[in-house]
1. Among the residues of segment 74-102, write down those that are part of a loop (DSSP other than H, G, I, E, B) and either surrounded by 14 or more Cβ atoms within 10 Å (Cβ to Cβ) or in contact (Cβ under 8 Å) with a residue 24 or more places away in the chain (or both).
2. I need a count of the residues in segment 162-179 that are part of a strand (DSSP E or B) and surrounded by fewer than 17 Cβ atoms within 10 Å (Cβ to Cβ).
3. Pairs please, first residue from segment 158-172 and modelled with pLDDT of 95 or more, second anywhere and among the acidic types (Asp, Glu) and buried (at least 19 other Cβ atoms within 10 Å of the Cβ), Cβ atoms under 8 Å, 6+ apart in sequence or on different chains.
4. List the number of the failed condition for Leu152; all other conditions in (1) in contact with a Leu (Cβ under 8 Å, 6 or more places away or on another chain); (2) farther than 19 Å from Ser91 by Cα hold.
5. Scanning for something within 30 Å of Asp132 (Cα to Cα) and either modelled with pLDDT of 95 or more or under 17 Å from the mean Cα position of the chain (by Cα) (or both), does segment 11-28 turn up at least one residue?
6. Since Ser65 meets every condition but one in (1) surrounded by 15 or more Cβ atoms within 10 Å (Cβ to Cβ); (2) modelled with pLDDT under 95, which condition does it not meet?
7. Within segment 117-146, which residues are hydrophobic (A, V, I, L, M, F, W, C) and modelled with pLDDT of 90 or more?
Amino acid sequence: MNSRILTLIITFIFTFPIIAQDNNKSFDIRLGVGVSLLASGDMRTFNYENELNYRLNSYFSSALSIGLGSSNYGAYEHVSFTQGNGLFFFSPFRNNGKYDLRLGAGLSFCNLSYTVPQGYILDNKYYSYGNDKSFGANIVMEYTYLFNSKYLLGLKIFSQPYSNGGVNSGLMLKVGMKI
């Protein structure tokens, strides 16, 4: 019994450096900034996104992301939104090289807040405020370049139609790191 345990411990000690040298990491974190057109108010928005990706195999990966957006340009006085996304990606040319083209689809939830000017009272502008929450879908195309075994640079094109009739479409530059 003791010899079996000792054999397992010695085997583990000698194979651990081989396992530690595995450079094919499954998780990566990506930070993105970009612009989009929020069609519910024809608003040009500035977007910021944090994304956690998990590589399932050479062809498939999944991601969870949280995005923020804001704008003062368009039909409303001000718009800001927070969104959460769950995505599933397919890499037609495999995702284990320096270059990765990913096509993705998924679900999204958006919490949109906006202000609309209503008129003037004694030369002071007054506003109405609104909040809209809706579910939607994601359609994404993303191209990523792996600098070395750890750092990424990517470009993302996306469109997000929502159940309230709004659409958020745009372009985002992303940097990332494998963890």
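1. Kept after step one, since they are part of a loop (DSSP other than H, G, I, E, B), are these residues of segment 74-102: 74-77, 91-98.
Listed by number, the residues that qualify are Gly74, Ala75, Tyr76, Glu77, Ser91, Pro92, Arg94, Asn95, Asn96, Gly97, Lys98.
2. Step one: filter segment 162-179 for residues part of a strand (DSSP E or B), giving 162, 167-178.
Next, only the ones that are surrounded by fewer than 17 Cβ atoms within 10 Å (Cβ to Cβ) stay: 167, 169, 171, 173, 175, 177.
Residues flagged as part of a strand (DSSP E or B) and surrounded by fewer than 17 Cβ atoms within 10 Å (Cβ to Cβ) within segment 162-179 amount to 6.
3. Met172/Glu49
4. Unmet for Leu152, out of (1) in contact with a Leu (Cβ under 8 Å, 6 or more places away or on another chain); (2) farther than 19 Å from Ser91 by Cα: (2).
5. The initial filter retains those residues of segment 11-28 that are within 30 Å of Asp132 (Cα to Cα), namely none.
No, segment 11-28 has no match at all.
6. (2)
7. Passing the criteria: Phe135, Ala137, Ile139, Val140, Met141, Leu146.
The values are calculated or read from the model by the stated rules, or taken from the named source; none is laboratory data. Just so we're clear, the structure is a prediction, and the values are computed from it rather than from any experiment. Heads up, the Cβs are rebuilt from the backbone with ideal geometry, glycines too, and the neighbour counts pull from every protein chain shown.
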